[in-house]
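Novice: Quick one: the structure is below, and I'll ask about it shortly.
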Amino acid sequence: MPDFYDLDALSKVAVNLFYGWGYNFYRVENQLRADDLLVRAKIGWLLGRAQGSVTAAESAYRREFLPPPSRAKPRPDPEAVAGAQAIERIGQAITAMEGQVRAQPVPENDRMTQLYRREAETLARLFVTDQKLTGQAELLREMLDGKDGRWIIGNVTVIGEGLKAMSETLAERQALLMA
């Protein structure tokens, strides 16, 4: 009859299961891997908030500058249409960036990685790039928070520079994994 309160027996069973699953949560590498996943999820959340601000600004801009057609004005103002499209492109670029961040790989937990690569060092370097990505995503979120469509249109270049910087950081991150 098993003893469900015998700590020694229970810990042996747990350790055997952990090793069988290829996981031991007390290893630094596993903690760093889990941290990497968590941090990238939070970066995605920040980018989602930034994209939400852009969507709200776009909706307000369209309501204000692109009213329904009337007899007096059957066609929309081309400048207003171009502005709405510029805001929409910014939102799409942020959504694409969020997808890229969430889809970033992390080193596998396998014997080849452990034998030929210093896994903990690689994960620690990845964490540094993830910190950079987090800061960039928060700056973008702060920059867009509560801004209207006219502000976004006037600052497309600055917003694009922020997205470009994030793209470059993602390329750095991918290069670390290829090394």
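Coordinate-derived values only; no laboratory data. Bear in mind that the values here come from a model prediction, so they are computed numbers and not experimental data. Here Cβ is always computed from backbone atoms with ideal geometry, including for glycine, and neighbour counts include all displayed protein chains.
Novice: Quick one: which of 159-165, 65-71 comes out on top by average Cβ neighbours within 10 Å, and what's the full order, highest first?
Specialist: 159-165, 65-71
Novice: If each of D145 and E64 carries a label point 7 Å out from its Cα toward its Cβ, how far apart are those two points in nm?
Specialist: Here the modelled spin labels are 2.1 nm apart.
Novice: Follow-up question, since we're still on this one. Counting Lys +1, Arg +1, Asp -1, Glu -1, what net charge surrounds T134 among other residues with beta carbon under 11 Å of its beta carbon? Working shown, then result.
Specialist: Values: positive: R40, K42, K132, R141; negative: D130, E138.
With Lys, Arg at +1 and Asp, Glu at -1, the neighbours total +2.
Novice: Too long at a 31 Å Cα-Cα cut-off: which of K42/K147; K12/K132; K12/K42?
Specialist: In this structure, K12/K132; K12/K42 lie more than 31 Å apart at Cα.
Novice: Taking K and R as +1 and D and E as -1, what net charge do the other residues with C-beta under 14 Å from the C-beta of E79 add up to?
Specialist: Once positives and negatives cancel, what remains is +2.
Novice: Cβ under 13 Å from K42's Cβ, K42 left aside: what net charge do those residues give with Lys, Arg +1 and Asp, Glu -1?
Specialist: Numbers: positive: R40, R49, R102, R141; negative: D35, D36, E98, D130, E138.
Summing Lys and Arg as +1 and Asp and Glu as -1 gives -1.
Novice: Let me ask something additional. To one decimal place, what orientation-averaged projected area in nm² is obtained for the convex hull of the Cα set of region 116-169?
Specialist: Its Cα hull, projected and averaged over all orientations, spans 4.1 nm².
Novice: Suppose a student asked you for the relative contact order of region 28-178, using Cα pairs under 8 Å spaced at least 6 residues apart; what percent would you report? Mind dumping the intermediate values first?
Specialist: Details: 143 pairs, mean separation 61.4, N = 151.
Averaging sequence separation for qualifying contacts and normalising by length gives 41 percent for region 28-178.
Novice: Let me ask something else. Counting residues in region 28-178 as N, plug N into 2.2 N^0.38 Å and put the Cα Rg over that result.
Specialist: Working it through for region 28-178, the quotient is 1.33.
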